[in-house]
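Let me begin by presenting the structure, written as structure tokens, before commenting on it.
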Amino acid sequence: MTALRFPLVCFDLDGTLVDDTIYIWKTLHEAFETDEPARRKAYDDFFGGIISYRDWFEHDLKLLRLAGATKKRVEELLRTLRPMEGAKEAIATLKARGHKVAIISGSLDIVVDHLFGQHLFDHVLINKLHYSPDGQIDGGEPTPYDLVGKAEGLRELARREGLSPDQVAFVGDNENDIWIAQAAGRAIAFNCKSDKLRELCHVEIKTKDLRLVLEHL
Ligand SMILES: [Mg+2]
């Protein structure tokens with residue numbers, strides 16, 4: 001058997017493995033009509049370096065809780081999302097070929113649980129949401145691997161697998177994937193909304209069918 005050029009393939013989640021959402025956070029805020037000025041201020045404060053990612057994460061979960069985003073209602077919303085066309089087939093084919101498959105995302109674990117199940121992946125680096133026993137949002141665990149940190153997530157998984165980052169491929173769709181795309185040995189822009197990401201990826205796939213990534217891996 002020929003050695004794989006990219007033994008580890010990492011995927012972004014929202015907009016890449018999952019259709020119908022660009023960022024799950026935005027989808028949740030809009031669906032539950034959270035406090036828009038408060039949400040905007042936290043966004044600006046995070047990108048302005050005033051608050052940490054953890055502060056931003058906890059703040060936004062609190063806004064969702066205050067707006068009535070219970071476990072039951074969040075699950076109803078998740079039922080409106082679908083896996084990207086070809087996503088499950090692409091993952092199954094990669095695994096059959098012997099690749100390890102991972103998610104590195106600033107989305108939420110509940111999206112993976114609902115649409116795929118964590119068991120489909122060898123590694124999942126993502127924000128974790130906690131519910132209280134009565135079904136209220138009760139904080140969570142923020143991922144250190146979002147935005148700039150996504151690149152560190154790729155390097156961390158490469159270390160765990162005994163690979164160099166150059167042996168890791170990445171598939172993503174948007175601005176928050178710019179850093180990780182630069183860290184990967186092969187970067188594929190898929191369903192892409194960012195000119196900057198498109199420019200620095202090795203390959204762009206415009207048709208929304210994830211099976212099309214297979215020939216580049
Ligand atoms: Mg995305």
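The values are calculated or read from the model by the stated rules, or taken from the named source; none is laboratory data. Keep in mind that what you see is a predicted model, and the values were worked out from it rather than measured. In this analysis, Cβ positions are derived from the backbone assuming ideal geometry, glycine residues included, and neighbour counts consider all displayed protein chains. With ligands, DNA and RNA removed, areas are computed over all heavy atoms of the protein, side chains included. Shrake-Rupley method; radii C 1.70, N 1.55, O 1.52, S 1.80 Å.
Data for the structure
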quantity	calculated
Test: residue in the range 176-197 that is within 20 Å of residue 14 (Cβ to Cβ), in contact with a Pro (Cβ under 8 Å, 6 or more places away or on another chain) and not assigned by TED's automatic domain parsing to the domain that holds residue 54	yes
Filter result (small (Gly, Ala, Ser) and open to solvent by 10 Å² or more (accessible area, probe 1.4 Å)) within the range 96-105	96, 98
Residue list for the range 6-25, restricted to those being more than 21 Å from residue 152 (Cα to Cα) and of a type in the set (D, E, K, R)	19, 20
In the range 20-55, residue farthest from the ligand (Cβ to nearest atom) [restricted to those that are open to solvent by less than 30 Å² (accessible area, probe 1.4 Å) and part of a loop (DSSP other than H, G, I, E, B)]	34
Those helices (runs of 4 or more DSSP H) lying entirely in the range 130-217 with at least 1 residues under 29 Å from residue 58 (Cα atoms) and open to solvent by 50 Å² or more (accessible area, probe 1.4 Å)	148-161, 178-183
Members of the range 75-96 that are over 18 Å from residue 121 (Cα atoms) and touching a residue at least 60 places away in the same chain (Cβ under 8 Å)	80, 81
